[in-house]
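The values are calculated or read from the model by the stated rules, or taken from the named source; none is laboratory data. Note that the coordinates shown come from a computational prediction; the quantities given were computed from them, not determined experimentally. FYI the Cβ positions are ideal-geometry reconstructions off the backbone, even for glycines, and counts take in every protein chain you see.
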Amino acid sequence: MQLRLDSTLTLVDYISQRAWLDATLPSCPVHGIDCRPEGNGYYWRKYPEPLAIARFYCAAAHTTFSLLPDFLSSRYRGTLAEFEEVCALAESSDFLEVANTIRSIEVAVNITARSAECWVARRIVLFNTVLLALLGVLAERLADVRTAAQLRQRLHCPADADAALVVLRAIVVANLASLPPPLGFGPWPKIDHRHRSPRPHAMGPEPPAPNG
């Protein structure tokens, strides 16, 4: 089971301070304050930089708990800030340009237009799914929010501030268990990619002309 690490540390601070060594779980999410899970080591995430996530184990519940810092995506590679930035850039830029901007140079020089489209589109569809799920939690506050730019504006998150999704995780902490990744810790949503939003610019080679 994944839980939120209640901390304001940035990625750099978390790694430099080896914050996973100080992470604690004072009470069991299953049994309450009368049960305190024991430390159960760590697991490692390789991206965006190698870092460890603290784990705890409740023998009575036969359950392992991990404490995820707010800057990291849940069940998804990378940080929430990167995920959000992809979606924000895609609202005004070509998908291939977005992929080249966000991804490493080694990956970007080898990516095809079709791969870039899929890479960005998957994140946009998931972002829209997260926004839809949030309407059940923050209906009045996010009622007319449809884009990453609107979300940042609504939560007063300028480009040099924390990502809006990072801010949201602290706001909806009581609902994280039911909200979908990469924001929440709930199950993966069922997404029909056939009905995803159309890309802003056509990309890739033209289809062959019909015969006859």
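Tabulated results
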read-out: The listed residue being at pLDDT 95 or above, closer than 21 Å to residue 191 by Cβ and among the polar types (S, T, N, Q), out of 73, 115; value: 73
read-out: Extreme residue, surrounded by the fewest Cβ atoms within 10 Å (Cβ to Cβ), among residues of the range 9-21 that are outside any helix (DSSP H, G or I) and modelled with pLDDT of 95 or more; value: 18
read-out: The range 17-51: number of residues that are closer than 20 Å to residue 163 by Cβ and out of contact with any Asp or Glu (no Cβ under 8 Å at 6 or more places or on another chain); value: 4
read-out: Condition check for residue 140: more than 23 Å from residue 49 (Cβ to Cβ), in a helix (DSSP H, G or I) and not polar (S, T, N, Q); value: yes
read-out: Identity of the residue in the range 24-60, farther than 21 Å from residue 184 by Cβ and among the aliphatic types (A, V, I, L, M), that ends up modelled with the lowest pLDDT; value: 33
read-out: Long-range neighbours under 9 Å by Cβ, at least six apart or interchain, first residue outside any helix (DSSP H, G or I) within the range 84-95, second buried (at least 21 other Cβ atoms within 10 Å of the Cβ) and modelled with pLDDT of 90 or more; value: 91/148
read-out: Where a residue in the range 141-152 is assigned by TED's automatic domain parsing to the domain that holds residue 84 and its partner, wherever it lies, is among the charged types (D, E, K, R) and assigned to a helix (DSSP H, G or I), with Cβ under 9 Å and at least six apart; value: 141/154; 142/154; 144/154; 145/154; 148/84; 148/85; 151/84; 152/84
read-out: Whichever residue in the range 26-49 is in a loop (DSSP other than H, G, I, E, B) and in contact (Cβ under 8 Å) with a residue 24 or more places away in the chain and, among such residues, is surrounded by the most Cβ atoms within 10 Å (Cβ to Cβ); value: 37
read-out: Members of the range 45-73 found to be among the hydroxyl-bearing types (Ser, Thr, Tyr) and within 23 Å of residue 16 (Cβ to Cβ), listed by number; value: 47, 66, 73
read-out: Residues satisfying the stated conditions in the range 143-158, i.e. part of a helix (DSSP H, G or I) and buried (at least 18 other Cβ atoms within 10 Å of the Cβ); value: 148, 151, 152
